[in-house]
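Presented below is the structure to which this report refers.
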Amino acid sequence: MATRTSRARASAKLEKADLLDIYKTMLLARRIDDKEIQLKRQNRIFFQISGAGHEGVLAAAAKVLRPAYDWFYLYYRDRALCLGLGMTATEQLLSATGAADDPNSGGRQMPSHWGHKDLNIVSASSPTGTQFLQAVGAAEAWLRYTEIEGIEGRDEAIKGDEVVLCTTGEGTTSEGEFWEALNTACNLKLPVVFLVEDNGYAISVPVEINTAGGSVSKLLTGFPGLLIQEVDGCDVLASFDTMVKAVDYARARKGPALVHAHVIRPYSHSLSDDEVQYRTPAERQADADRDPLVRFPRHLLEQGIATQAELDMIVREVEEEVQVAAEVALASPQPPTSSVYQYVYSPDVDPTSEQFDTEDDPRFTGDPTTMVDLLNVCMRDEMARDPRIVVFGEDVADCSREEALGEVKGKGGVFKVTWGLQRAFGSDRVYNSPLAEANIVGRAIGLATRGLKPVVEIQFFDYIWPAMMQLRDEMSMLRYRSNNAFACPMVVRTAIGGFQGVFAPLTAPQLGSAAIRAAIGRCGVAADDVSEVLMGCVLPAGQGRPPRARPPSAPGCRSRCRAPPSTRCAARA
Ligand SMILES: Cc1ncc(C[n+]2csc(CCOP(=O)(O)OP(=O)(O)O)c2C)c(N)n1
Ligand SMILES: [Mg+2]
């Protein structure tokens, strides 16, 4: 029986070369961390946060997933995973020195904020947990591309059986967006694999404080269709087997999977933290005894898979690789100051160009109509023109229960802006979201990153704040922070200033429009200008918008912005 079990294990098929390769990836990751720590102490890099202790499950995961085929939403501990997927030691150290040639961010982000366009590693940011909903959106992109007819370039955009890997620490699973992401991943049966790297601490906060009962995977058992696997993430082979099960499940489109991997954190949270202040010597020793960098080579020797000479050779190769990479990275220049505004905006679309120009002296004909009707017509036109546009939000569909559509008039938004769109374009393109604003914006970012054109609605501006992190730190920053490697062209519509009698105390139009401007970094986009935004964001280069009247611009603003000078965007004023 035992033999049969071991034969059934996917890891039993790993060749010696694969096992040595995994070991090399793990060791390379640890040695780059050690090198960075040395450089940080010499003040030659700016910050250090290590992946130490997480290498076992990550090097194994890299062997299971497919770079440039699957998609990756990672976090700062994932050095070994990135190396296993094909990022080089030099590329990682270029991130540490903040070099212009750093493929992660061109030196714009802190070290270990992974991103690599060629490998489909989508630029990661600093706020813990913003990756979850974007990963779900990226997985949803597969669904939409599959279901929506007539999207050009669909075959390049999706593979058909790709999966999205989303990693996290256990502490970060306390963020609400984690639960929002699982909710949608399960509801839509999306091919996402969540990998929880549980090292028992979120900086100094132990897991039992973060998570009721101390085990996030136990809390998740009620999520329908979610495959849950728990594993010792310091055991490379068990981790490999677990990842194979999870990834196979998602690849076969059975639904999302979650791997709860128990790892260790031998180097404190970061170089700015000292865990001796809050962890006992005995606890730290127990961790050290599980170190995958000790256990795995011992296993290779004990099982006769590798000789000591072969392992020594790997150590020498790794040391040389790290030394050369560090020399290259230290000699690589940082970006020039003059590049600081580069990629705040798209280099391909200029909203201040002629293409977006309006008539100076418009002559109106026809019956006056309402702004709501015009927005609705605008969306109909655009959706008919471009099948990549998807519309979702709270109550935006006519009727979620499609079978009832024939019997009812349809909701189409609380202000009716989206009325009839579901009926006209189908439920794959116009659909209701859960009542969760971060879910709406975060998913839209993931969809847009993979080439779809989401036009999403936040029902009332007053309730936009749960989405603020996604708007401010993600949507508006993705292009900039990734040095133009990734972008998420999308439109967020929201209503503000209406319902004066009832909602006046809640709606603060001036505050609102200023906040939105700051959030999306776009001059002249006030909340009363959504139609302009819609046209401006979804039109491809070369296709202008119909002429439309505009009030006079504020003096000195190139884009005819009507905002007071104090709130105008510095880059354009
Ligand atoms: C939204 C947000 N809150 C707080 C922080 C500060 N912070 C960075 S990492 C971290 C702990 C994360 O712990 P965990 O998810 O367990 O990951 P680990 O570092 O242990 O791998 C905290 C509190 C942050 N970056 N973002
Ligand atoms: Mg942790």
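Here, each number is a calculation from the coordinates, and none is a lab measurement. Since this is a predicted model, take the numbers as computed values, not measurements. Glycine gets a Cβ as well: all are built from the backbone with ideal geometry, and neighbour counts include every protein chain shown.
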If you take the charge dipole of region 2-331 about its Cα centre, with +1 on Lys and Arg Cβ and -1 on Asp and Glu Cβ, which of VAL196, LEU119, PHE132 is farthest toward its positive end? VAL196
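Under a Cβ-only charge scheme (Lys and Arg +1, Asp and Glu -1), can you give me the dipole magnitude of the chain about the Cα centre, in debye to the nearest 20? Let's see the in-between values first.
Details: 61 positive and 75 negative charges, 101 e Å.
Dipole magnitude for the chain comes out near 480 debye.
Would you mind telling me the antiparallel percentage of the DSSP bridges in the chain, rounded to 5?
Working: 3 of 38 bridges.
Beta bridges within the chain, antiparallel portion: roughly 10 percent.
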Order of 438-447, 80-89, 320-329, 221-230 by packing, highest average Cβ count within 10 Å first? 438-447, 80-89, 320-329, 221-230
Counting Lys and Arg as +1 and Asp and Glu as -1, what is the net charge of the other residues whose Cβ lies under 12 Å from the Cβ of ASN483? +2
Provide the gained length on full extension for the span ARG363 to ASP18, in nm with one decimal, where the gain is 0.36 nm per separating residue minus the Cα-Cα distance. 117.1 nm
Pair VAL372, ARG154: separation of 7 Å Cα→Cβ label points (nm): 3.4 nm
Placing +1 on each Lys and Arg Cβ and -1 on each Asp and Glu Cβ in region 1-74, then taking the dipole about the Cα centre, the residue among GLY51, ALA17, PRO67 whose Cα reaches farthest towards the positive end is ALA17
Please give the net charge around ASP118, taking every other residue with its beta carbon less than 15 angstrom from that of ASP118, where Lys and Arg add +1 and Asp and Glu add -1. -3
Listed with the fewest Cβ neighbours within 10 Å leading, ASP101, ASP241 appear as ASP101, ASP241
By a straight-distance test (C-alpha under 28 Å), which lysines pair with LYS63 as possible cross-link partners, with residues fewer than eight away in the same chain excluded? LYS13, LYS16, LYS24, LYS35, LYS117, LYS159, LYS189, LYS218, LYS245, LYS254
Please give the net charge around GLU91, taking every other residue with its beta carbon less than 13 angstrom from that of GLU91, where Lys and Arg add +1 and Asp and Glu add -1. -2
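Would you mind calculating the gained length between GLN342 and ILE209 on full extension (0.36 nm times residue separation, minus the Cα-Cα distance), in nm to one decimal?
Working: separation 133, 0.36 × 133 = 47.88 nm, distance 4.25 nm.
That works out to 43.6 nm of additional length.
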Considering only GLY420, ALA448, VAL408, whose Cα is most displaced toward the positive end of the charge dipole of region 351-492, charges sitting on Cβ of Lys, Arg (+1) and Asp, Glu (-1)? ALA448
Helix 16-41 vs. the chain, principal-axis angle (Cα, 0 to 90°, nearest 10): 70 degrees
Need one word for the chain: rounded, prolate or oblate. Basis is the Cα gyration tensor (sqrt eigenvalues a ≥ b ≥ c); a/c below 1.5 gives rounded, then a/b vs b/c decides. prolate
Expressed as an acute angle from 0 to 90° and rounded to the nearest 10, what is the orientation of the C-alpha long axis of helix 176-187 relative to the principal long axis of the chain? 80 degrees
